[in-house]
Amino acid sequence: MASDQTTNVQLQCMQQGGPFQIVHVPKPALAPDEVLIRQRVIAFNLLDVKQRDWGINIPYWPRVLGVEGAGVIEAVGASVRNLQPGDEVAGRHGSGAEESVLWGGAFQEYVAVPTHFVFKKPKNISLKEAASLPVGFVTAVCTIVGSLGIPLPFLPEVVPAEGRVPSSVLILGGSSVTGAAIIQLLRRAYPSLPILATSSVKHNARLTDLGATQLFDYKSSAVVADIKAASPGAAGIDVIIDCVSAGASQTDICDVLDLAASKRYAAVLTGVPVTVPEGVEHIVASAYNILHMKGGKELTPSLTKLVEEGTYKVPLPVRVVGHGLEELPRVLDEVKNVSGEKVVLTL
Ligand SMILES: NC(=O)c1ccc[n+]([C@@H]2O[C@H](COP(=O)([O-])OP(=O)(O)OC[C@H]3O[C@@H](n4cnc5c(N)ncnc54)[C@H](OP(=O)(O)O)[C@@H]3O)[C@@H](O)[C@H]2O)c1
């Protein structure tokens, strides 16, 4: 179902829980700092399903869901200088100006996005791979720099409130999009930092390649003891980063912490609560903090250079699960079954 010169085709989620409906609407008007993207790829996130089913951060229905995608710029706002029609770009959608808040989600053919959430497709990756990057990368940087105050020297414009380099890190959910992004960013910034991570064994090779020092099967009954034994001097871990709310089921995971170190537990906001023992600092991490960080507006556009120079790799393989907005409601639930991969839909 294609749009004509003036109309846009949206897949609106009519109410919490669905159903979805294809709706024709006028193409969005552009704010001065926005670009209009004709989408070719929509990348799925678990948030899409949570928004459909739980209504997280949805003030009203119907709503266009979806938080990232890629395509070709059709028009640019009056103050845009660095992007032009015809550029292949990817971006993080669903945030920004009033119009974007209203209809800014990725599940539509045309989307208006502020330039600070857009990056030009790096020359060395495909448009599908570019679509898979922004949410994971931004969440990873917000966690590392914004929530934990760990500087990333190759992102000098993104400045932590206080610089605190950890002595060791444990990443729970190494094979999640966020976890794989965090592993490689920390490794690139700190070549000798011990980075331990949990994962299914089948993802060990990829995560080692991204920079993990040692990997632990999160389904093993000995996982806590094994991690503690493998920590530097078997003294325990300085900082835990929980990307998948693993602490909700592995409730003794904080036993791996070194009681003489910072005892920090950063949890990516997932909607699933995690409690930590008294004395452990519980830090919330979220991509929503991006615009509260110094240099946050430079973050997404910086992906082009980071990928082209090899500083940042596409963390996980990308799999196409469907084609066309009509097929989207049927394939959306695939995102619940991802295992060390990113799923996308083409348009
Ligand atoms: N607040 C924010 O800004 C923000 C941003 C992005 C994501 N999120 C949330 O963060 C969570 C992760 O998202 P994502 O896209 O990064 O993840 P994802 O790629 O969807 O995560 C799936 C992976 O997590 C692994 N996993 C699941 N449970 C695990 C456990 N207990 N221990 C270790 N690994 C486990 C799975 O491994 P196996 O297949 O090997 O089992 C699978 O590879 C989601 O809940 C998402 O909604 C929040």
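Within the stretch 30-54, the set of residues being more than 12 Å from the ligand (Cβ to nearest atom), in a loop (DSSP other than H, G, I, E, B) and in contact with a helix residue (DSSP H, G or I) (Cβ under 6 Å, 6 or more places away or on another chain) comprises 33 only. Being on the phi < 0 side of the Ramachandran plot, more than 23 Å from the chain's Cα centre (by Cα), touching a residue at least 24 places away in the same chain (Cβ under 8 Å) and more than 16 Å from the ligand (Cβ to nearest atom) is true of residue 235. For the stretch 284-301, the set of residues classified as away from the ligand (no atom under 11 Å from the Cβ), open to solvent by 20 Å² or more (accessible area, probe 1.4 Å) and of a type outside the set (D, E, K, R) consists of 291, 292, 293, 301, listed by residue number. Out of all the residues in the stretch 165-179, is one or more open to solvent by 10 Å² or more (accessible area, probe 1.4 Å), part of a helix (DSSP H, G or I), closer than 20 Å to residue 206 by Cα and within 16 Å of the ligand (Cβ to nearest atom)? There is at least one residue in the stretch 165-179 that is open to solvent by 10 Å² or more (accessible area, probe 1.4 Å), part of a helix (DSSP H, G or I), closer than 20 Å to residue 206 by Cα and within 16 Å of the ligand (Cβ to nearest atom). Taking the listed residues 227, 253, 183, the one that is modelled with pLDDT of 95 or more, under 19 Å from residue 136 (Cβ atoms), aliphatic (A, V, I, L, M) and outside the structural domain of residue 338 (by TED's automatic domain parsing) is 183, with no other qualifying.
So is residue 182 more than 20 Å from the chain's Cα centre (by Cα), crowded, with 18+ Cβ neighbours inside 10 Å and either touching a residue at least 40 places away in the same chain (Cβ under 8 Å) or more than 22 Å from residue 149 (Cα to Cα) (or both) or not?
So residue 182 does not fit the description; no.
Scanning the stretch 140-155 for residues that are touching a residue at least 24 places away in the same chain (Cβ under 8 Å) and either away from the ligand (no atom under 16 Å from the Cβ) or open to solvent by 20 Å² or more (accessible area, probe 1.4 Å) (or both) yields a total of 8. Which residues, counting only those in the stretch 307-347, are among the hydrophobic types (A, V, I, L, M, F, W, C), part of a helix (DSSP H, G or I) and surrounded by fewer than 21 Cβ atoms within 10 Å (Cβ to Cβ)? Listed by number, the residues that qualify are 325, 331, 335. The single residue among 228, 202 that is open to solvent by 20 Å² or more (accessible area, probe 1.4 Å), more than 16 Å from the ligand (Cβ to nearest atom), of a type outside the set (S, T, N, Q) and part of a helix (DSSP H, G or I) turns out to be 228.
On the stretch given as the stretch 113-139, residues that are away from the ligand (no atom under 16 Å from the Cβ), touching a Gly at 6+ places or on another chain (Cβ under 8 Å), open to solvent by less than 10 Å² (accessible area, probe 1.4 Å) and in a helix (DSSP H, G or I) total 0. Would you check if residue 2 is over 25 Å from residue 297 (Cα atoms), open to solvent by 60 Å² or more (accessible area, probe 1.4 Å), at pLDDT below 95 and small (Gly, Ala, Ser)? In short, yes. Of all residues in the stretch 205-225, those being under 20 Å from residue 339 (Cα atoms) and part of a helix (DSSP H, G or I) number 7.
The values are calculated or read from the model by the stated rules, or taken from the named source; none is laboratory data. The model shown is predicted, which means the values in this text are computed figures rather than measured ones. Every residue, glycine among them, receives a Cβ derived from its backbone with ideal geometry; neighbour counts consider all protein chains shown. Note: accessible area is taken over every heavy atom of the protein model, side chains too, but ligands, DNA and RNA are not part of it. Shrake-Rupley method; radii C 1.70, N 1.55, O 1.52, S 1.80 Å.
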